[in-house]
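Reviewing the structure listed below.
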Amino acid sequence: MKILVIGSGGREHALVWKLKQSRKIQKIFCAPGNAGMARIAKSVNIEADDVRRLADFASSSKINLTVVGPEQPLALGIADEFKRRKLKVFGPEKSGARLESSKVFAKQFMQKYHIPTAAFKVFNNLTDAVAFCKGIEFPTVIKVDGLAAGRGVFIVRSLDEASKTLSEIFDEKRFGEAGAEVVIESCLEGQEVSIMAFVDGKHYVPLLPCQDHKQAYEGDKGPNTGGMGAYCPAEFVTERVMSQIHQFILEPTVAGLRKEDIAYRGVLYAGLMLTDAGPKVLEFNCRFGDPETQAVLPMLKSDLLELMRATVDGRLDKAAKIDWRRGAAACVIMASKGYPGKYQAGQVISGLQNVREEGAYVFHSGTQREGNRWLTAGGRVLGVMGMDGNLKTALAKSYRIIKRIKFDGAHFRRDIGFRVLGNRTKEENG
């Protein structure tokens, strides 16, 4: 089989890496890919949002399955275009991708189908939004409606902070059209967990629960990022909690999509808060998480290709049970100085030739090759994955490799997993 993976980040590198392990795949293409992916797949110079050119390539190259990594092409309707041309594609159509591309749609969907989530209100102007904030308790959460690369969510702790944030969204148009509407919702407390599930339109199969770290700095401080690290499995998700997630979130979501006549075939990502009142949905995504994928896929023993084919063909109920490795995996992101704000690309990366170690892998997110040199080319540069018998030793492996890799201004969190391991993780990896 010939496979096309669309995207250029660490998530897509992990997808290519895992698919490469299938004996049924002859060749893997990545579009546009990155310098790290180019070592294990054939790069195609087509941007991820160039829907028609990607469909043309898949058709002319006789691609058997296209896997869509990022949310933007899904929101643009790439799956619709591929299906129109009778090309097999892993990823939901535009209507299903609205669960991620519109926070307003997602919240109203959850309200309609009684899926537990935070209480919320929707606003399309500064005056009404600020007036509402004058009568609520803080902290509260403000979310822009559209796609914002994981940076459109703000936890605000005072009326002044809320007014400033709303002014940036509505008056300064910091997020453009993505900020035409906002959701203001109650701030939930508890442990966060990410649940990804394959959905074939009727059936679903969940992957192992994992936990990511969105804030830029230790202790979950600072601005939101696309993700600074993740680990799998999140063992605090007990059988009882997982049963609640099935009953109150996954089952009604898949049933609701069917009632809305949305043919959802791909991955559904549920970002959850485990509150005292049970699990509640923080957000839905319509694709694999990043960096969660870099921690979950290493734990997968089953053939990823077969799971994807069963999803696309609507036969997950007949697929073999997923086989998982024992132990744990963790991915720590090495980012550019200043990320998620302004950062400088083009920094020389050294030490990548010294990272070979059993149970470890370095996924490239934002790198480029210039002759024999590796250079930074993004905010998130590398995802260093370690896998071992438990979370502590898996993380130790990740941080041991990180110490071998250098580039000017490299920034990474030293406390990945601190919510379950305690603050000693930072001390051991400092």
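The values are calculated or read from the model by the stated rules, or taken from the named source; none is laboratory data. Just so it is clear, the model here is predicted, and its values are computed rather than measured. Cβ sites come from the backbone with ideal geometry, for glycine too, and all protein chains shown count toward neighbours. Keep in mind that these areas ignore ligands, DNA and RNA; they rest on the heavy atoms of the full protein, side chains included. Shrake-Rupley method; radii C 1.70, N 1.55, O 1.52, S 1.80 Å.
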Qualifying residues in segment 262-278 (those that are touching a helix residue (DSSP H, G or I) at 6+ places or on another chain (Cβ under 8 Å), modelled with pLDDT of 95 or more and open to solvent by 10 Å² or more (accessible area, probe 1.4 Å)) - the one farthest from Cys232 (Cα to Cα):
Ile262
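Take the conditions in contact with a strand residue (DSSP E or B) (Cβ under 9 Å, 6 or more places away or on another chain), of a type outside the set (A, V, I, L, M, F, W, C) and within 21 Å of Arg265 (Cβ to Cβ) and apply them to Pro32. Does it pass?
On the way: in contact with a strand residue (DSSP E or B) (Cβ under 9 Å, 6 or more places away or on another chain): yes; of a type outside the set (A, V, I, L, M, F, W, C): yes; within 21 Å of Arg265 (Cβ to Cβ): no.
Considered against the rule, which asks whether it is in contact with a strand residue (DSSP E or B) (Cβ under 9 Å, 6 or more places away or on another chain), of a type outside the set (A, V, I, L, M, F, W, C) and within 21 Å of Arg265 (Cβ to Cβ), Pro32 comes out as no.
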Can you tell me which of (1) touching a residue at least 12 places away in the same chain (Cβ under 8 Å); (2) surrounded by fewer than 18 Cβ atoms within 10 Å (Cβ to Cβ) is the one Cys286 doesn't meet?
(2)
Qualifying positions in segment 379-418 - out of contact with any helix residue (DSSP H, G or I) (no Cβ under 6 Å at 6 or more places or on another chain) and at positive phi
Gly409
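Would segment 388-407 turn up any residue that is assigned to a strand (DSSP E or B) and crowded, with 19+ Cβ neighbours inside 10 Å?
Within segment 388-407, the subset assigned to a strand (DSSP E or B) is 388, 406.
Filter again for crowded, with 19+ Cβ neighbours inside 10 Å, leaving 388.
Within segment 388-407, one or more residues are assigned to a strand (DSSP E or B) and crowded, with 19+ Cβ neighbours inside 10 Å.
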From (1) within 28 Å of Val254 (Cβ to Cβ); (2) open to solvent by 20 Å² or more (accessible area, probe 1.4 Å), pick out the condition that doesn't hold for Val193.
(2)
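Residues that are among the hydrophobic types (A, V, I, L, M, F, W, C), buried (at least 17 other Cβ atoms within 10 Å of the Cβ) and touching a His at 6+ places or on another chain (Cβ under 8 Å): does segment 83-101 have at least one? Break it down into steps so the answer makes sense when it comes.
Keep residues of segment 83-101 that are among the hydrophobic types (A, V, I, L, M, F, W, C), which gives 87, 89-90, 97, 99.
Now narrow it down to the ones that are buried (at least 17 other Cβ atoms within 10 Å of the Cβ): 87, 89-90, 97, 99.
Filter again for touching a His at 6+ places or on another chain (Cβ under 8 Å), leaving none.
Within segment 83-101, none of the residues are among the hydrophobic types (A, V, I, L, M, F, W, C), buried (at least 17 other Cβ atoms within 10 Å of the Cβ) and touching a His at 6+ places or on another chain (Cβ under 8 Å).
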Which residue, of Leu147, Leu126, is in contact (Cβ under 8 Å) with a residue 40 or more places away in the chain, in contact with a helix residue (DSSP H, G or I) (Cβ under 6 Å, 6 or more places away or on another chain) and surrounded by fewer than 17 Cβ atoms within 10 Å (Cβ to Cβ)?
Leu126
Val205 versus (1) under 19 Å from the mean Cα position of the chain (by Cα); (2) open to solvent by less than 30 Å² (accessible area, probe 1.4 Å); (3) under 30 Å from Arg315 (Cα atoms): which is the lone unmet condition?
(2)
Any chance Ala330 is more than 27 Å from Asn224 (Cα to Cα) and among the hydrophobic types (A, V, I, L, M, F, W, C):
no
Segment 243-269 residues that are in contact (Cβ under 8 Å) with a residue 40 or more places away in the chain, paired with ones that are in a helix (DSSP H, G or I) and of a type in the set (S, T, N, Q) (beta carbon under 7 Å, 6 or more apart)
Ile262/Ser95; Arg265/Thr311; Gly266/Thr311; Leu268/Thr253
Residues being surrounded by fewer than 16 Cβ atoms within 10 Å (Cβ to Cβ) and either in contact (Cβ under 8 Å) with a residue 24 or more places away in the chain or over 15 Å from Cys133 (Cβ atoms) (or both): count how many of those fall in segment 164-182.
6
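Against the condition closer than 25 Å to Tyr361 by Cα and open to solvent by less than 10 Å² (accessible area, probe 1.4 Å), how does Val5 come out, does it pass?
Working: closer than 25 Å to Tyr361 by Cα: yes; open to solvent by less than 10 Å² (accessible area, probe 1.4 Å): yes.
It is true that Val5 is closer than 25 Å to Tyr361 by Cα and open to solvent by less than 10 Å² (accessible area, probe 1.4 Å).
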Among the residues of segment 297-336, write down those that are surrounded by fewer than 16 Cβ atoms within 10 Å (Cβ to Cβ) and either outside any loop (DSSP other than H, G, I, E, B) or of a type in the set (D, E, K, R) (or both).
Lys301, Glu306, Asp313, Arg315, Asp317, Lys318, Lys321, Asp323, Trp324, Arg325, Arg326
Could you list, ordered by first residue, the pairs with Cβ atoms under 6 Å in which the first is in segment 25-46 and under 21 Å from Ile78 (Cα atoms) and the second is hydroxyl-bearing (Ser, Thr, Tyr) and open to solvent by 20 Å² or more (accessible area, probe 1.4 Å), at least 6 apart or interchain?
Cys30/Ser43; Pro32/Ser8; Gly33/Ser8; Gly33/Ser43; Asn34/Ser8
